[in-house]
Amino acid sequence: MSRFPDARFMLSVAAPAQFPPDDGAEVAFAGRSNAGKSSAINALSQRKALARTSKTPGQTRLLNYFELAPGRRIVDLPGYGYATAPPAERARWAPLIDRLRARQSLRGLLLVVDARRGIGPEDEQLIAWADPGARRVHVLLAKADKLTRNEARAALVAAQRRLDGRVTVQLLSSHSGAGVPEAQRALGEILSGQCPTGEEQ
């Protein structure tokens, strides 16, 4: 049975006035273009086409809201590191991202990183943007099925060392389903305001 059986697309935000009411709880999904972000959203929601996937980087050009349950949302952000959108369109993203960060309902960030690439400077910038001292950040090392078991273990250890306990991190394969229950649990904890130990924040 799906953990989020009522997951649905809500709306796309292209201007600050289009944000939904600032209540309930929401978690941002971010990552480099083509890191596997849309596939991760579909895997965690157990919906094959909730978020559109594409082999062409830079397809998410708006802030896309999905409702998992009443008052519980995820926000799919435009990928970074590559964008086919015109410069003027990319320039409009900055105030939207700033407005999102200021929302009281934003409880945390799920950062999707290609496990083969590891944590990069732009990923570090997103972690700083989310302010892990105030919000929980959970890193998903996606596409882990494309690595051998030893390579995946090494990628996890390298990420843990680089992140130095500031955030939580795990391996994920949207293709095989490995790590999906753990990621779903992390998402549920953030939305409910729980620490990884289950204690209230």
How do the peptides 35-47, 95-107, 180-192 rank, highest first, by the average count of neighbouring beta carbon atoms within 10 Å per residue?
35-47, 180-192, 95-107
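For Ala102 and Leu11 in the same chain, what is the full-extension length gain: residue separation times 0.36 nm, less their Cα-Cα distance, in nm? Please list the in-between numbers first.
On the way: separation 91, 0.36 × 91 = 32.76 nm, distance 1.91 nm.
Here the segment from Ala102 to Leu11 would lengthen by 30.8 nm.
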The farthest towards the positive end of the charge dipole of the chain, of the residues Ala183, Ala15, Ser33, given +1 on Cβ of Lys and Arg and -1 on Cβ of Asp and Glu, is Ser33
Could you size up the charge dipole of segment 8-192 around its Cα centre, putting +1 on the beta carbon of Lys and Arg and -1 on that of Asp and Glu, and report it in debye to the nearest 20?
400 debye
Placing unit charges on C-beta atoms (Lys and Arg positive, Asp and Glu negative, everything else neutral), compute the dipole magnitude of segment 121-195 about its Cα centre in debye, rounded to 20.
200 debye
For segment 8-192, what proportion of DSSP beta bridges, expressed in % and rounded to the nearest 5, is antiparallel?
30 percent
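A short reminder: the numbers here are calculations on the coordinates, not readings from a lab. Given the structure is predicted, the values throughout are model-derived calculations rather than measurements. Here the Cβ is made from the backbone with ideal geometry for all residues, glycine too, and neighbour counts use every protein chain on show.
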